[in-house]
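The block underneath contains the structure these notes are about, expressed in C-alpha cells.
The values are calculated or read from the model by the stated rules, or taken from the named source; none is laboratory data. Because the structure is a prediction, the values reported are computed rather than measured. Counting neighbours? That spans all protein chains shown, and the Cβs are built from the backbone with ideal geometry, glycine included. The protein model used for the area step is the full one, side chains on, heavy atoms only, and it has no ligands, DNA or RNA in it. Shrake-Rupley method; radii C 1.70, N 1.55, O 1.52, S 1.80 Å.
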Amino acid sequence: TNIIEIKKLRKIYGDGVEVVALDDVDLTIKEGEVLSIVGPSGSGKSTLLNMIGLLDTPSGGEIWLKGQNITRATPKERARLRNKELGFIFQFHHLLPEFNAVENVMMPLLIAGVDRDEARDRAIALLQEVGLADRLMNRPNQLSGGQNQRVAVARALAGHPSIVIGDEPTGNLDTKSSDMIYELLRKLNRQMNQTFILVTHDMTMAEKTDRILRIVDGRIVCEMRRDGDEFVT
Ligand code: ADP
Ligand code: ADP
C-alpha cells in the first residue's frame, strides 16, 4: 500500500521575486520504504520534506497521506497528524538543554497525553535500544554529538510514528557515528515497519537505502531503485 501520494506538487516562495522551489513533483512512497533524496543545495529537498512532514503548505498540487487528502488540512488537523504519524530528526538535535535524556524523550509523549509512568517506561526502553542505558540521566552538554543524536532518534520514535523524516540527520557527525545512527534507524525501521525518508549529501548513506531520488531545481530528475546490491533506473 502507498503511504504517501504526491501529485503535481508545487511550492513557490516570495512575493515580487518568485522562487519555484518545487515544480510539478509526482511521487509515490510505499509503506515501509526507505527512501533517500539527494541533490544540490537549494534544489528543493527540504521544501519537499517540509510538505510531507506537514510543516508547510503547498502552492499547488496534492498530497495524500494514508488515503487522506491533506493538501488543505486545517492547522489543527495538521498538528494532530504530525503528532500521530510523523517523527522528525534534524541535523542539529534540538534537545532541551535543561532536561536529561529520559526527560527529552518523554516530552513529546507527555504532550500527546501519554501518562507519566508509561512515558518514562517507553523512553527508558528506547534509550536502551539506542545504546544509552548508562546515560539516562545525562543532559545534552554531558553527552557527545553522536550520543545526543541517538537521544534525538529515541525521541523521534517514541510516539511510534508511521513515517520518520530525517533532514541530514547525521550531517554534523563523523563517519563512524554517522554510520551507527543510520544502521540504528534502519534496524528500528525494520522492527516497526516504518517508512523512512532521508535527505542527505552523503551518497554512501543514500546507497544504503532502497530508492534514491535526485532533485535539481525543484524537479525529480533521476530515480534509482535497489535491485539486490545494485541500483537501476
Ligand atoms: P535544499 O533543501 O535542497 O537545499 P530548499 O528546499 O531549502 O533546498 O530550497 C529550495 C529553494 O527555495 C531555494 O532556492 C531556496 O532559496 C528557496 N527557499 C527555501 N525556503 C524559503 C523561504 N522560506 N523563503 C523563500 N525562499 C525559500
Ligand atoms: P560518539 O562516537 O558517540 O560521538 P565520542 O567518540 O565522541 O562518542 O565520545 C567517546 C566518549 O566520550 C563517550 O563515552 C562519551 O560519553 C564521552 N564524551 C564525549 N563528549 C563528551 C562531553 N562533552 N561530555 C561528556 N562526555 C563526553
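Assorted remarks:
- Selection count, the stretch 187-204, where residues are outside any loop (DSSP other than H, G, I, E, B), at pLDDT below 90 and open to solvent by less than 60 Å² (accessible area, probe 1.4 Å): 2
- All positions within the stretch 41-96 that are within 16 Å of ligand 2 (Cβ to nearest atom), open to solvent by less than 30 Å² (accessible area, probe 1.4 Å) and under 14 Å from the mean Cα position of the chain (by Cα): I89
- Filter pass, G171 being open to solvent by less than 60 Å² (accessible area, probe 1.4 Å), within 16 Å of ligand 1 (Cβ to nearest atom), small (G, A, S) and part of a loop (DSSP other than H, G, I, E, B): yes
- For beta carbons closer than 8 Å, sequence separation of 6+ or different chains, a first residue in the stretch 130-153 that is farther than 13 Å from E103 by Cβ and assigned to a helix (DSSP H, G or I) and a second that is near ligand 2 (Cβ under 8 Å from one of its atoms) and of a type in the set (G, A, S), the qualifying pairs are G145/S177; G146/S177; Q149/S177.
- Looking across the stretch 193-204, the residues that are within 15 Å of the chain's Cα centre (by Cα) and away from ligand 1 (no atom under 16 Å from the Cβ) come down to N193, Q194, T195, F196.
- Residue match in the stretch 80-91 (condition: within 30 Å of G145 (Cα to Cα) and of a type in the set (G, A, S)): yes
- Some residue of the stretch 24-40 being open to solvent by 70 Å² or more (accessible area, probe 1.4 Å), under 26 Å from M205 (Cα atoms), within 16 Å of ligand 2 (Cβ to nearest atom) and under 20 Å from the mean Cα position of the chain (by Cα): no
- Every residue from the stretch 141-155 that is over 21 Å from the mean Cα position of the chain (by Cα) and more than 9 Å from ligand 2 (Cβ to nearest atom): none
- Scanning the stretch 146-165 for any residue that is at pLDDT 95 or above, open to solvent by 60 Å² or more (accessible area, probe 1.4 Å) and more than 16 Å from ligand 1 (Cβ to nearest atom) turns up nothing.
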